[in-house]
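Before any comments, here is the structure.
The values are calculated or read from the model by the stated rules, or taken from the named source; none is laboratory data. For clarity, every value in this text was computed on a predicted model and none was experimentally measured. All Cβ positions, glycine included, derive from the backbone under ideal geometry; neighbour counts span all protein chains shown.
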Amino acid sequence: MRVLVTGGTGAMGTHLCRQLAEAGNEVFVTTRRDIGNVGGIRFVRGDAKEASFLNRLLREGWDAVIDFMIWGSEEFPSRAETFLQNTGQYVFLSSYRVYAECPVITEESLRLLDVVKDPVYLGTDEYALRKARCEDVLRGSRKTNWTIVRPAITYDGLTGRLQLCTMESYEWLWRALNGVPIPLPEEMLGKQATMTYAADVARMICGLIGNEAAFGETYTTSSSDHITWAEVVRKYQSVLPFEITCCGLEEFIRVRGGGYQVLYDRMFDRVIDNTKALNATGLEQSDLTPMEEGLQRELEKYLAGEVHIDASIGANAFMDVLTGGVPSIRPLLKDSVRRAPASAAKYAIRRIQGNCRMRGGVGMSKH
């Protein structure tokens, strides 16, 4: 098949493109960077959010288009129609975050968009709502050559995607590597999390491509494995010892932001029944990587490479507020001086001083 993947250079997309190419498909991937063709995968430079570029590309005709782009709910209807008209199968990457709280998630579980009554939240185009609204556009179409997939949280050592609660690896892992405490809400640590190895998600999506039985259907492409966030911490700590500082949930949201993701996802127990996806792809749960094995293996894989994480001065300053001190100051200044001796170091000091004032006027000593 001729397969187009839009925005497919992340954790899931990287594995998916490789697997599709290895299966003998012609794979084309949109990217905004110059990337030479690799392993039978052809990279097409351009911005898939730009209508003229996307329309020109789609007119070439495709057996399948797998869409990793994040569309606003207002722009998606016109884009969706173009996709559906110019491909044999359109695979839309949604998210398990569309689901409302329930004991065990199935594809029939209610979505946040269907049950939340908060008018302020519903007035936003927050990620979970946006994905659900885009799903509704496809369901309302006269065409049925679409397939919706809802991955849960993915992890991958190849691309460095290793999440911890609401933090990406560049946030928490920088602190872990530099011996700086990581603030997390105690209430969140007790919640069940489902995380799936990115290559396993790719295998599940591969099993849906070209599968006419998947047309007009929705699948939660995820492992059914789940452990608490506290157990996720311990698995990471078995590879790289680091310290956690517990903080209050409200304070965490106030300082870090991202309240909707916290309240409408990470504070839910996320337990998934993936029977429908397994049946459609011919896979078994035993074919998928167990979380406890995969998290440790992928962190080890990532750390075995040339790890270089640029510190986010602003993010670390806010996290320092939650730890009740300024433990990131020494490694931040070291990084700043290494990158840009004068200006960056002064900027780091200003940010740290500002956050000391946020904590109620606590001053900085000469140390």
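Has region 253-267 got at least one residue that is within 20 Å of residue 176 (Cα to Cα) and acidic (Asp, Glu)? No, region 253-267 contains no residue that is within 20 Å of residue 176 (Cα to Cα) and acidic (Asp, Glu).
The residue list 143, 117 contains one member that is surrounded by fewer than 19 Cβ atoms within 10 Å (Cβ to Cβ), among the basic types (Lys, Arg) and free of Cβ contacts under 8 Å to residues at least 40 places away in the same chain, which is 117.
When the residues of region 59-83 are filtered to those that are among the aliphatic types (A, V, I, L, M) and surrounded by fewer than 21 Cβ atoms within 10 Å (Cβ to Cβ), which remaining residue is nearest to residue 32 (Cα to Cα)? Explain how you work it out, then say what you get.
Applying the first criterion (among the aliphatic types (A, V, I, L, M)) to region 59-83 yields 64-66, 69-70, 80.
Within this subset, residues satisfying the condition of being surrounded by fewer than 21 Cβ atoms within 10 Å (Cβ to Cβ) are 69-70.
Details: 69: 13, 70: 15 Å.
Once the filter is applied, the top-ranked residue is 69.
In a residue-by-residue description of region 252-265, the property of being in contact with a Gly (Cβ under 9 Å, 6 or more places away or on another chain) and of a type in the set (A, V, I, L, M) applies to at least one position.
Can you name the condition, by its number, that residue 213 falls short on among (1) part of a helix (DSSP H, G or I); (2) buried (at least 19 other Cβ atoms within 10 Å of the Cβ); (3) of a type in the set (A, V, I, L, M, F, W, C)? Only one criterion is unmet by residue 213, namely (2). The conditions of being assigned to a helix (DSSP H, G or I) and modelled with pLDDT under 60 are not met by residue 330.
Can you go through 225, 269 and tell me which one is among the charged types (D, E, K, R), surrounded by fewer than 18 Cβ atoms within 10 Å (Cβ to Cβ) and not in a helix (DSSP H, G or I)?
Working: 225 fails: surrounded by fewer than 18 Cβ atoms within 10 Å (Cβ to Cβ).
Going through 225, 269 in turn, the sole match is 269.
No other residue among 255, 233 is under 19 Å from the mean Cα position of the chain (by Cα), more than 25 Å from residue 100 (Cβ to Cβ) and buried (at least 16 other Cβ atoms within 10 Å of the Cβ) apart from 233.
Only one of 50, 26, 22 is surrounded by fewer than 20 Cβ atoms within 10 Å (Cβ to Cβ) and closer than 20 Å to residue 197 by Cβ; which? I'd like the intermediate steps shown before the answer.
Details: 50 fails: closer than 20 Å to residue 197 by Cβ; 26 fails: closer than 20 Å to residue 197 by Cβ.
When all the criteria are applied, what remains is 22.
Only one of the numbered conditions (1) within 21 Å of residue 161 (Cα to Cα); (2) modelled with pLDDT of 95 or more is not met by residue 256, and that is (2). Is it the case that region 157-168 has a residue that's within 27 Å of residue 210 (Cα to Cα) and in contact with a strand residue (DSSP E or B) (Cβ under 8 Å, 6 or more places away or on another chain)? Scanning region 157-168, I find no residue that is within 27 Å of residue 210 (Cα to Cα) and in contact with a strand residue (DSSP E or B) (Cβ under 8 Å, 6 or more places away or on another chain), so the answer is no. Residues that are touching a Phe, Trp or Tyr at 6+ places or on another chain (Cβ under 7 Å) and either under 19 Å from residue 297 (Cβ atoms) or acidic (Asp, Glu) (or both) do occur in region 165-176.
When we screen 176, 214, 193 for residues that are in contact (Cβ under 8 Å) with a residue 60 or more places away in the chain and closer than 30 Å to residue 87 by Cβ, the only hit is 214.
Screening residue 187 with (1) at pLDDT 95 or above; (2) buried (at least 21 other Cβ atoms within 10 Å of the Cβ); (3) assigned to a helix (DSSP H, G or I) gives one miss only, at (2).
For the structure I just gave you, tell me whether residue 212 is of a type in the set (Asp, Glu) and closer than 23 Å to residue 309 by Cα.
no
Residue 283 meets all of the listed conditions (1) crowded, with 16+ Cβ neighbours inside 10 Å; (2) closer than 23 Å to residue 182 by Cβ but one, namely (2).
State all residues of region 217-239 that are of a type in the set (Val, Ile, Thr) and either touching a strand residue (DSSP E or B) at 6+ places or on another chain (Cβ under 9 Å) or free of Cβ contacts under 8 Å to residues at least 12 places away in the same chain (or both); if no residue qualifies, say none.
As a first pass, look at region 217-239 and keep what is of a type in the set (Val, Ile, Thr): 218, 220-221, 227-228, 232-233, 239.
Matches in region 217-239: 218, 220, 221, 227, 228, 232, 233.
Tally the residues that are at negative phi and either over 18 Å from the mean Cα position of the chain (by Cα) or of a type in the set (Asp, Glu) (or both), restricting the search to region 192-210.
Taking region 192-210 and keeping what is at negative phi, we get 192-209.
Going one step further and asking which of them are either over 18 Å from the mean Cα position of the chain (by Cα) or of a type in the set (Asp, Glu) (or both), we end up with 200, 206-209.
Qualifying residue count for the region: 5.
Quick check on region 240-258. Is at least one of its residues within 18 Å of residue 199 (Cα to Cα), aliphatic (A, V, I, L, M) and in contact (Cβ under 8 Å) with a residue 60 or more places away in the chain? Checking region 240-258: not a single residue is within 18 Å of residue 199 (Cα to Cα), aliphatic (A, V, I, L, M) and in contact (Cβ under 8 Å) with a residue 60 or more places away in the chain.
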